[in-house]
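Derivation of every value follows stated rules applied to the coordinates shown; laboratory data play no part. Keep in mind that this is a model prediction, so the values were computed, not measured. Positions of Cβ are backbone-derived with ideal geometry, glycine not excepted, and every protein chain shown enters the neighbour counts.
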4 protein chains.
Amino acid sequence: MRSNDGRTFTETARRTQITQAAIDVIAEIGYAKASIRKIAERVGVAMSVVLYHFASKDELVQAIINHAYREAIDAIVPELELERTAAGKLRTYILANAFFLRTHRTQYAAVMDIGMSYRTADGDLVNSLSIDPELMAGFTKLDVATILRQGQESGEFCDFDVERTATAIRGAVINGPIMEVMLNPEFDLDGYAEELVALFDRATRRG
Amino acid sequence: MRSNDGRTFTETARRTQITQAAIDVIAEIGYAKASIRKIAERVGVAMSVVLYHFASKDELVQAIINHAYREAIDAIVPELELERTAAGKLRTYILANAFFLRTHRTQYAAVMDIGMSYRTADGDLVNSLSIDPELMAGFTKLDVATILRQGQESGEFCDFDVERTATAIRGAVINGPIMEVMLNPEFDLDGYAEELVALFDRATRRG
Amino acid sequence: MRSNDGRTFTETARRTQITQAAIDVIAEIGYAKASIRKIAERVGVAMSVVLYHFASKDELVQAIINHAYREAIDAIVPELELERTAAGKLRTYILANAFFLRTHRTQYAAVMDIGMSYRTADGDLVNSLSIDPELMAGFTKLDVATILRQGQESGEFCDFDVERTATAIRGAVINGPIMEVMLNPEFDLDGYAEELVALFDRATRRG
Amino acid sequence: MRSNDGRTFTETARRTQITQAAIDVIAEIGYAKASIRKIAERVGVAMSVVLYHFASKDELVQAIINHAYREAIDAIVPELELERTAAGKLRTYILANAFFLRTHRTQYAAVMDIGMSYRTADGDLVNSLSIDPELMAGFTKLDVATILRQGQESGEFCDFDVERTATAIRGAVINGPIMEVMLNPEFDLDGYAEELVALFDRATRRG
DNA sequence: AATGAATGAGGCTTCATTCAT
DNA sequence: AATGAATGAAGCCTCATTCAT
């Protein structure tokens, strides 16, 4: 019996299960120490089972990344599309990211860790890992630069460099709190998000 | 002939040399693949020389962190102390950090990588690594929260939560561009810094 | 419907198909790397199909050997039987072997590779693999020693030790060119065979 | 304390010891099953010791090949150089090879096995393994084609194709008996060699 | 102060084989 | 007749660390 991708139902289930376990393990002990053996132990199967379902550790990492991106897109993009104004979208972008980060802490941590640690055999960084192309479409909709551009075109936002400001927002909305949360799990993400909404409203609104 | 810490000059020189080599290697191939042997090769000595000077890899990592922090403090704190106003200090904080990041890219990359990857044998994160206590003093002076607090007390800055805003600024000034620079070495840090100065001026100034 | 050995036609066909695929794969990547999975992929079936038809890898190897020997016997023995004189048989032995080697290069390569590489779990060499007894009869007819003996009895050949000379001829006719052909696929087997015919004629003829 | 090649005496001794053990193990159980672990066990050290002295299994294989070739050259070439006539050299070539094969059975077997079994990661055969260039000189002197050419030029030998006849001689002198000896360790190599001397004398001499 | 040698633990991966369907 | 899933054993290799010199 086969589902899509030419994969059995069992196969799909196992892959998901392993991917989730991998995320948990990486979040807990870090990518560097998250061996295939430990991931298998978390699932409760032999190590070779993991390699039966994922041809290599690289392929598992890729699955994790795709899984995480897909969930983020599924959680955040619909929220964004409820908003009409750029200001509303920016506000939602910040709040939805914070909410997602709070509810998917381990996933975020795992992806960030992979992002810093993972290198191919050649030593290249992770963006060489091919992201599932169909994700790319949704991915673009997650891009805050698009929101900023819309806001400038509509006259809602004041004058600033879109790309650079987008980097700044990503830094404040994503990269900063990730670190914070890793070091201090008590960090109040929702309060932080509200502060950010106000901050970037002051920083972007016209007049 | 002995310098401080009961270390001879030679000893101190070798330690610095090894620390630098380690930083370069980590920045180049990532912490995960930066073995003691490769670091030793970069210096041009036998692997055991590294372990002669650093009792364990943990101790070397600690030295790297202290080295990096010390250089950052030495580079940025004096700049900050030239400024009187909180707005001036915030501006300088942003610009000096950007300049330091540009001139110490490998160091930054190495520290970030360690920050995400490094765990003690127990699985604890890197902040469990004891930071040289004498650094702590200077370290506090690097804290942007202090600047923000001063600005609110002096009435230069508008009303916002100091700690949260500090996290946001660190995210935009440090965490964000680090990622950006690692993935795209051409990223224009100076232009980015100028944009940030304007952005956070709009976001923090009273009125 | 059953053919001999209590095997259905389908069964026999699959076995032949798998045996052939195995030969090709072994010739291509070597016995050491020719895993059951790769052989199954060549056939286009699941790995377990191979083990459904051959109880173990040992059994598959045995089938390969028998298959190869049978083909060699079928190709060469009839040629030999057309000849009456020992000299004619020797000549034919050399030419037919060369022709067979040229047209069954992969098979030869596979069998040679197995001959050197294959050991049972106990470490024993391949001749411990039971050769299909019915092959033995034909096999004897392939033996050059028989030809030499006939030639000495008939007075065609001069005086030499039969067994030793047979080993020499096999070395020059089979073992040598196999190596040569593996390392240099352009090697002109037919020209070589003609040279051998002349050489062993000079070496064996009376007077 | 260092000997040539920038290697310690201990290092050189260990390398030799490991190379010898590897040859024995390969001859005994075949290259395919001769794992680094088993070789280490034969020496009586930990597996990682082997990899401390040889960066990879490839490097060990290369050392084995070079070792075997060097010994063959050292044993046979001086014998050849004592002879003046081509016929004498051919006779010596055959006898010296047989003697060497008898006294270095395991080495021969190991090299042959590697020759058939060894593939690089790309699947290429062993001649891609770089042979120590300084060996090449002596190696050429081992080539029977050179002897045949000399014999034709001097008029000792009759007319035949040099390259093809050389292949035939190698087949009868080396490849054939190797197989024979592997399958039947009692095979009388010296008797065989004498037969070969006579055989190839008949086959090559003028008139 | 430096270093060569050795080692055990662990990492990823391949493989033949078993079993339920 | 075929196959997907699972698995343990083994393979090569990297690494931090210890020790004698």
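For chain C, take the longest principal axis of its alpha carbons; what is the angle in degrees between that and the long axis of helix C:86-103, to the nearest 10 within 0 to 90?
Between the helix axis and the principal axis of chain C, the angle is about 30 degrees.
Relative to the first principal axis of the alpha-carbon coordinates of chain B, what is the inclination of helix B:57-82, with its axis defined by its Cα atoms, in degrees from 0 to 90 and to the nearest 10?
Taking Cα atoms only, the helix is inclined about 30 degrees.
Would you grab the residues whose amide H sits under 5 Å from the one on D:Thr8? Only those 5+ places off in sequence or on another chain, please, with H modelled 1.01 Å from N.
D:Ser3
Which whole-number percent is the relative contact order of chain C (Cα, under 8 Å, 6+ apart)?
Over chain C, the number comes to 22 percent.
Could you tell me the convex hull volume per residue, in Å³, taken over the Cα atoms of the stretch D:70-110?
In the stretch D:70-110, the Cα convex hull volume per residue is 55 Å³.
Among the GluC sites (Glu not before Pro) within the stretch D:143-188, which fall in a DSSP loop and have no more than 16 other Cβ atoms within 10 Å of their own Cβ?
Sparse-neighbourhood loop GluC sites (Glu not before Pro): D:Glu186.
Using modelled amide H (1.01 Å from N, peptide plane; none on Pro or chain starts), what sits under 5 Å from the amide H of D:Arg205, excluding residues fewer than 5 places away?
Hits under the 5 Å cutoff: D:Cys158.
May I ask you to give the average projected area over all directions of the convex hull of the Cα atoms of chain A, in nm² rounded to one decimal?
13.1 nm²
Relative to the longest principal axis of the C-alpha atoms of chain C, give the angle of the C-alpha long axis of helix C:144-154, reported between 0 and 90° and rounded to the nearest 10°.
20 degrees
Scan chain B and report its longest stretch carrying no trypsin sites (Lys or Arg not before Pro) that are both in a DSSP loop and have at most 12 other Cβ atoms within 10 Å.
Formally, the longest exposed-site-free interval is B:85-205.
Normalised by the empirical 2.2 N^0.38 Å for globular proteins, what value does the Cα Rg of the stretch C:1-74 take?
Rg over 2.2 N^0.38 Å, computed on Cα atoms: 1.07.
Can you pull the one-decimal nm distance between simple spin-label points at C:Arg202 and C:Arg70, each 7 Å off the Cα toward Cβ?
4.2 nm
Kindly state, to the nearest 0.05, the FRET efficiency for C:Asp159 paired with A:Asp58, given R0 = 56 Å and r defined as their beta-carbon distance.
Approximately 0.25, to the nearest 0.05.
Return the Cα extents of the protein assembly as shown along principal axes one, two and three, sorted largest first, each rounded to a whole Å.
124, 82, 44 Å, listed from the longest principal axis down.
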